[in-house]
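This report refers to the structure that appears directly beneath it.
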Amino acid sequence: MADKGFPLPGSSYKELIKIIQGYGTVGDNVTPADVAKVVSVHETIVSKNNRFLGAIGIIQGGKKKTITSLGNELSRALHHDMQDEIVSKWRAVVEANDFLQKVVAAVRIRKGMDESSLESHVAYSAGQPKTPAVATGAAAVVDILRAAELLKEEGGNLVAIAPEPITNVEEDKESLQQTQTPHGSSVRVSQLRSTWSTFPRAEGVSLNIDIRIQCTAEDIEELGPKIRKMISELNRPEADDRPP
């Protein structure tokens with residue numbers, strides 16, 4: 001890849017996620033050779049992806065790299081094939097990166113692009129030359145946006161979508177505690193955390209909300225539908241709230 005412009009991946013999406021998983025496995029302050037041993041690729045392949053992974057906030061550091069908190073969460077989701085988590089973490093990557101956001105915005109403005117045209121747009125916007133390696137990297141970027149469920153195929157083109165929020169409800173085991181009721185009996189209380197993020201509907205606007213809920217163990221099964229209903233209400237366009 002050229003040194004100027006936005007650095008694109010040096011591999012396909014499939015190979016790129018193997019490298020991300022590798023960084024999540026080997027730990028902090030590692031070299032490309034350390035990662036290469038884990039994922040069974042040559043260290044030069046790891047090296048040529050490092051600038052891109054650094055640019056999108058997956059790894060950080062100088063000659064020796066350390067995976068970031070977001071990168072580690074994405075790596076773990078990929079390892080366990082947790083689809084909702086994979087979508088959520090890739091969206092977080094996109095939301096934090098101007099270049100990737102502009103790619104989605106370009107598709108939205110054009111109301112769809114065919115895949116070849118979009119890959120060419122990615123390469124051109126990144127300031128990269130027209131080479132097979134750049135084409136591979138541009139295709140990987142498009143695949144990332146697909147993985148984040150920000151692009152989908154429709155009528156032979158890729159179109160930008162305003163996705164449904166990804167909601168994760170998980171029990172914080174450390175917050176389980178015994179609580180006394182007014183009658184002196186003991187009940188087990190779980191503190192649950194619900195988080196979601198939405199891709200910006202308007203350029204430059206994004207929303208992340210973190211809600212903490214305390215409930216008894218018996219209430220946990222009923223929380224999912226209630227939280228989804230609340231999120232649906234929050235994401236309803238303002239026009240829906242106006243009187244007919």
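The values are calculated or read from the model by the stated rules, or taken from the named source; none is laboratory data. Quantities reported herein were computed from a predicted structural model and do not represent experimental measurements. Here Cβ is always computed from backbone atoms with ideal geometry, including for glycine, and neighbour counts include all displayed protein chains.
Test SER88 against the criterion of being within 13 Å of the chain's Cα centre (by Cα), modelled with pLDDT of 95 or more and of a type in the set (Ser, Thr, Tyr), and give yes or no. Here the answer is yes, as SER88 does meet what is asked.
Taken over the stretch 120-141, the criterion of being without any contact (Cβ under 8 Å) to a residue 60 or more places away in the chain, over 12 Å from ALA106 (Cβ atoms) and either of a type in the set (Gly, Ala, Ser) or in a helix (DSSP H, G or I) (or both) is satisfied by PRO132, ALA135.
A search for C-beta distances below 7 Å between a residue of the stretch 66-86 that is over 15 Å from LEU16 (Cβ atoms) and any residue that is surrounded by 16 or more Cβ atoms within 10 Å (Cβ to Cβ) and aromatic (Phe, Trp, Tyr), counting only pairs 6+ apart in sequence or on different chains, returns nothing. Could you please let me know if VAL94 is under 14 Å from the mean Cα position of the chain (by Cα), of a type outside the set (Phe, Trp, Tyr) and in a helix (DSSP H, G or I)? Taking the combined requirement at face value, the residue satisfies it. The set of residues in the stretch 23-44 being out of contact with any strand residue (DSSP E or B) (no Cβ under 9 Å at 6 or more places or on another chain), closer than 28 Å to ALA123 by Cβ and surrounded by 17 or more Cβ atoms within 10 Å (Cβ to Cβ) consists of ALA36, VAL39, VAL41.
Assess whether LEU70 counts as being within 29 Å of LEU158 (Cα to Cα), surrounded by 22 or more Cβ atoms within 10 Å (Cβ to Cβ) and within 13 Å of the chain's Cα centre (by Cα). Before the answer, list the steps.
On the way: within 29 Å of LEU158 (Cα to Cα): yes; surrounded by 22 or more Cβ atoms within 10 Å (Cβ to Cβ): no; within 13 Å of the chain's Cα centre (by Cα): yes.
Taking the combined requirement at face value, the residue does not satisfy it.
The residues of the stretch 32-65 that are polar (S, T, N, Q) and either without any contact (Cβ under 8 Å) to a residue 12 or more places away in the chain or within 19 Å of ASP143 (Cβ to Cβ) (or both), listed by number, are SER40, ASN49, ASN50, GLN60.
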